[in-house]
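**Q** Have a look at this one before I ask anything.
The values are calculated or read from the model by the stated rules, or taken from the named source; none is laboratory data. From a predicted model like this one, the values you see are computed outputs, not experimental measurements. Positions of Cβ are generated from backbone atoms using ideal geometry, with glycine treated the same way; all protein chains shown enter the neighbour counts.
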Amino acid sequence: MAAIDTPTPPVTAPGHSWTDTLHDWVTTCDHKKLGVMYVCSGLFFFCVAGLEAAAMRYQLLFAGNDAIGPETFNRLFTMHGTTMVFLVGMPIITGFGNYFLPLMIGARDMAYPRLNAWGFWMFFFGAFLFYFSFLGADGLYGAGTAPDVGWFAYAPLTGKAFSRGNSTDYWILGILISGFGSLSGAINMLGTVISLRCRGMTFGRMPLFVWMMSVVSFLILIALTPLAAAQVMLLFDRFLGAHFFDTQAGGDAVLWQHFFWFFGHPEVYILIIPGFAYASEIIPVFSRKVIFGYPVMVAATISIGVLSVGVWAHHMFAVGMQRELNIYFAAITMLVGVPTGIKIFNWIGTMYGGKIRFQTPMLFCTAFVFQFVLAGLTGIMLAATPFDWQLTDTYFVVAHFHYVLIGGLIFTIFGACYYWFPKVSGKMLDETLGKWHFWLFVIGFQLTFTTMHVQGLLGMPRRIYTYPSDRSWEIWNQITSAGVLFQAAGVLVFFYAIARALHSGRPAGPDPWDAWTLEWSTSSPPPDYNFAEAPEVHSRRPLWDAKHPEDPDWKHE
Amino acid sequence: MPFYRSHRCPEPRARLGGLDAVRVGLVALASPLLFSARALADDAASTFDTGIFSGVSTPAIQIQTYSLGVVAICAAIFVVVVGFGAWTVIRFRRRDEDDDREPPQIYGSNSLELAWTVIPLVIVFILALVTARAIVELQLDKRPAGWLAVTAVGHQWWWEFQYPEYGITTANELHIPVNRPGARRPTFLTLESEDVIHSFWIPRLAGKTDIIPNRTNHLWFEPLQTGLYVGQCSEYCGTQHANMLLRVYVHSPTDFERWVREQQRDAVSDPRVADGRSVFLETACINCHTVRGTVATGQFGPDLTHLMSRQTLGAGVGTLDAKTLRAWVLNPDHLKPGVRMPAMGVEGESLDQLVSYLLSLK
């Protein structure tokens, strides 16, 4: 591997004071430390967004409840949605990518370590700015308010006429700035994949994790730029008297929707493909089988990436587009189901004939596969335009995308945490606590989000802070809210398990799961610069080759 | 007989045709998934049912048939995939008696992977064609002759309905005629917004269509049963999005004609409430509200000419009776936080007089 010019890592001598440790972390350019910081920030905001959701579920417990007023409720769902997408999903996927992508391709760091640190701090301060809106949005003289325009911030509700004060500006700037962090992270990952693969690591031998993160990075470059442009246009509207989206001066509200969803739909794949990536690493290891149909998995990922930039207006079937557009967007959206289906079948194909070890990472990934089947099928229903005329903007949609993003992404993230925590910390997470976490979370998830489909079919629109008692939605809302308790309990068990493992966990050793990719060939946690000697690989599973010299993978690929 | 029919009243049928059998089959397949929702909808088959599978109108019925078809296909896929997946997970779990040898490594199978690419492609192709046909048949953008024209204007947070043929303006409660074979009068809505984006949705009549400022959208329905059908704004439109409720009263043709004639009259001018009338006309009420036949010609708020012909106030936030009306006029924000109507500072005797006047606007 070519020598790369990286800054000298901080030297950690024994007996460092906590300020030195803090200094190490704040000034670090190490991909592993940055990865940990990304994931920890993401988990922190996961708790914040979870509390916001819990408050909303409390308000919706009873018809006509007035525990939380409309203004607060509207802020809660805006903050919850924006936080989950930009401050939970994005940093966690970037964090895992940061930590494991270089390790998996045998690199010593990311291609641009300083850019990497810059990206993290852009994200961090963007997030900080966004949450500062609670204090600062009304200016220094007022009580302050958070944004209340919804996470997709439809025009003209974001115009000066309908959104006074500065809360919308905090939404714009916080997300814009954290978006620059995501863009730099994407450039960094692509640069790393292109230029820092170790000897023998051809594209055809990269772990699926690396392939999928590359596709995600491309999508980030394609999708986040139009969002940034639209946000700048909105700032122009709000401060410089431009009229892009200002309908009162002839602007176009639908233009914002096109811009936003041109970002927003690829964004869904930006979030879920990393989930696929974790599952594609975990399922083979715990089934004790090589991934079924590697080339097809790569091809399916790329097709999802390509198709995902052409489907955005399926979020807009109710805006009154021409018939031709409605038909196009319905058909192309349904087409996404084909490569997604291939992935599901290949994961099941990987499990088929294996000896599946149901440890916690695999439990989460198995639940993910099943939940994602339903998430995909409700996606087909929403793609069916006339059906969508009934379903869009109801709880059915809320159920669908939580099935994707919780049932898909968060489940695989939990799986990934249990799978890679030993590598990061050198300690094993407790299996019993892991199972408690899993079952509590599955039960809570099903109670909350499966019942939401029913509310949608019963005609309950999303984003309403209250509902009349005569609509027969109350009991379903109560079941939904009850699920929150189980999910919260599961998450508490998770954090307890982490704390206990850090304090007194069983040492993990370099390769606790008997896995096959390069990150398990180095110590846990990996040393600075990862590999004492640059590895060389001959197949997709270098550690399998090492463990089974009698039947190495490269004979079959 | 086509899978569904566009803007034509279904005619009574004596026996099931071939396609009907298919349809029944599809519904049967879909039913496990929908069981809970439908059972509940049947329980609540009340006036306030908003279930999307309780259609009583073209195109809701057509959408429902189409949707149940989609659900049936998805349910079939779900059962097959989850069934096979569950069997795999159980069958191939690691057992205690297993030795430590690795299972046979299978790298892939071209024929299998081709199969699970092509079969979904075929399903998607068929589904896309059916969808295209449904869209073409249900999405109309011109008003056929003889249809009732209504303009629905979305406001933060109430609905204005104008009947240009009759010169009527009302609010929040839409009145339309029923359709029967041989006596058709479909309603064709022109949707316009006064401020932000709203969405018009009565699940039992039709799917939703957004109301977008600077744009004109259309929506049509042809209800086949008289009665009250409810819904609400379904695009987030600001603080009181939740209390932007909608009611549609479907009348028999004669009842509808009677309703139109009543609405066309100017407001009653009852001498017994003359005091209240002057409170109304001399307060800023008239800046926002119209009472036809008086100097009140405001446009920002609901037309009050025949206020008491409506059942609700504040776009469904309360029942329209003397007590609620009084509380509303005293402080609208108390009933509907964030509402655009300010408290006018009318209190005491003036308030009583004003409420009496409003109650006289039948």
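**Q** Within the group A:427, A:423, which residue is basic (Lys, Arg), surrounded by fewer than 24 Cβ atoms within 10 Å (Cβ to Cβ) and either over 20 Å from the mean Cα position of the chain (by Cα) or within 14 Å of chain B (Cβ to nearest Cβ) (or both)?
**A** After applying the criteria, what remains is A:427.
**Q** Residue A:508 versus (1) within 26 Å of residue B:229 (Cβ to Cβ); (2) in contact with a Gly (Cβ under 7 Å, 6 or more places away or on another chain): which is the lone unmet condition?
**A** (1) is the only condition that residue A:508 fails.
**Q** In the stretch A:271-307, how many residues are of a type in the set (Gly, Ala, Ser), within 14 Å of chain B (Cβ to nearest Cβ), over 14 Å from residue A:210 (Cα atoms) and in contact (Cβ under 8 Å) with a residue 40 or more places away in the chain?
**A** Qualifying residue count, the stretch A:271-307: 3.
**Q** Quick check: anything in the stretch A:512-525 aliphatic (A, V, I, L, M) and away from chain B (no Cβ under 14 Å)?
**A** If we filter the stretch A:512-525 for residues that are aliphatic (A, V, I, L, M), which is where we start, we get A:515, A:518.
Those still in the list that are away from chain B (no Cβ under 14 Å) too: A:518.
Scanning the stretch A:512-525, I find at least one residue that is aliphatic (A, V, I, L, M) and away from chain B (no Cβ under 14 Å), so the answer is yes.
**Q** Moving on to the next point. What number of residues within the stretch A:45-72 satisfy the criterion of being at pLDDT below 95 and part of a helix (DSSP H, G or I)?
**A** 3
**Q** Among the residues that make up the stretch A:137-145, is at least one of them β-branched (Val, Ile, Thr), surrounded by fewer than 23 Cβ atoms within 10 Å (Cβ to Cβ) and within 14 Å of chain B (Cβ to nearest Cβ)?
**A** Checking the stretch A:137-145: at least one residue is β-branched (Val, Ile, Thr), surrounded by fewer than 23 Cβ atoms within 10 Å (Cβ to Cβ) and within 14 Å of chain B (Cβ to nearest Cβ).
**Q** Moving to a separate point now. Identify, by number, the condition in (1) under 26 Å from residue A:318 (Cα atoms); (2) at the interface with chain A (Cβ under 8 Å from one of its Cβ atoms); (3) among the hydroxyl-bearing types (Ser, Thr, Tyr) that residue B:58 doesn't meet.
**A** Failed condition: (2).
**Q** Got at least one residue in the stretch B:152-168 being of a type in the set (D, E, K, R), outside any helix (DSSP H, G or I), touching a strand residue (DSSP E or B) at 6+ places or on another chain (Cβ under 6 Å) and not assigned by TED's automatic domain parsing to the domain that holds residue B:207?
**A** The answer is no; no qualifying residue exists.
**Q** Checking the conditions here, which among B:51, B:85 is surrounded by 13 or more Cβ atoms within 10 Å (Cβ to Cβ) and in a loop (DSSP other than H, G, I, E, B)?
**A** Values: B:85 fails: in a loop (DSSP other than H, G, I, E, B).
None of the others qualify; the one that does is B:51.
**Q** Moving to a separate point now. Counting only residues that are at the interface with chain B (Cβ under 10 Å from one of its Cβ atoms), out of contact with any Lys or Arg (no Cβ under 8 Å at 6 or more places or on another chain) and assigned to a helix (DSSP H, G or I), how many does the stretch A:308-318 have?
**A** The total comes to 1.
**Q** Turning to a different aspect of this structure: Kindly list, by first and then second residue, each pair from a residue in the stretch B:137-159 that is within 12 Å of chain A (Cβ to nearest Cβ) to a residue that is surrounded by fewer than 18 Cβ atoms within 10 Å (Cβ to Cβ) and in a loop (DSSP other than H, G, I, E, B), limited to pairs with Cβ atoms under 6 Å and residues at least 6 apart or on different chains.
**A** B:137/B:6
**Q** Restricting the first residue to the stretch A:524-553 and requiring it to be in a loop (DSSP other than H, G, I, E, B), which pairs with a second residue that is of a type outside the set (A, V, I, L, M, F, W, C) and exposed (fewer than 13 other Cβ atoms within 10 Å of the Cβ) meet a Cβ separation below 7 Å and a spacing of at least six or different chains?
**A** Listed pairs, sorted by first residue: A:524/A:509; A:534/A:199.
**Q** Listed residues A:270, A:291; which is β-branched (Val, Ile, Thr), at pLDDT 95 or above and not in a loop (DSSP other than H, G, I, E, B)?
**A** Details: A:291 fails: not in a loop (DSSP other than H, G, I, E, B).
It is A:270.
**Q** Could you tell me whether any residue of the stretch A:354-367 is crowded, with 23+ Cβ neighbours inside 10 Å, of a type in the set (Phe, Trp, Tyr) and more than 9 Å from every other protein chain (Cβ to nearest Cβ)?
**A** Within the stretch A:354-367 (the criterion being crowded, with 23+ Cβ neighbours inside 10 Å, of a type in the set (Phe, Trp, Tyr) and more than 9 Å from every other protein chain (Cβ to nearest Cβ)), the answer is yes, since at least one residue qualifies.
Conditions tested, residue by residue: (1) at pLDDT 95 or above; (2) at positive phi; (3) over 8 Å from the mean Cα position of the chain (by Cα).
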residue: B:199; (1), (2), (3): yes, no, yes
residue: B:207; (1), (2), (3): yes, no, no
residue: B:212; (1), (2), (3): yes, no, yes
residue: B:225; (1), (2), (3): no, no, yes
residue: B:232; (1), (2), (3): yes, no, no
residue: B:237; (1), (2), (3): yes, no, yes
residue: B:241; (1), (2), (3): yes, no, yes
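**Q** Now for a different question. Only one of (1) closer than 26 Å to residue A:211 by Cβ; (2) surrounded by fewer than 19 Cβ atoms within 10 Å (Cβ to Cβ); (3) among the hydrophobic types (A, V, I, L, M, F, W, C) is not met by residue A:54, so which one is it?
**A** The one condition residue A:54 does not meet is (1).
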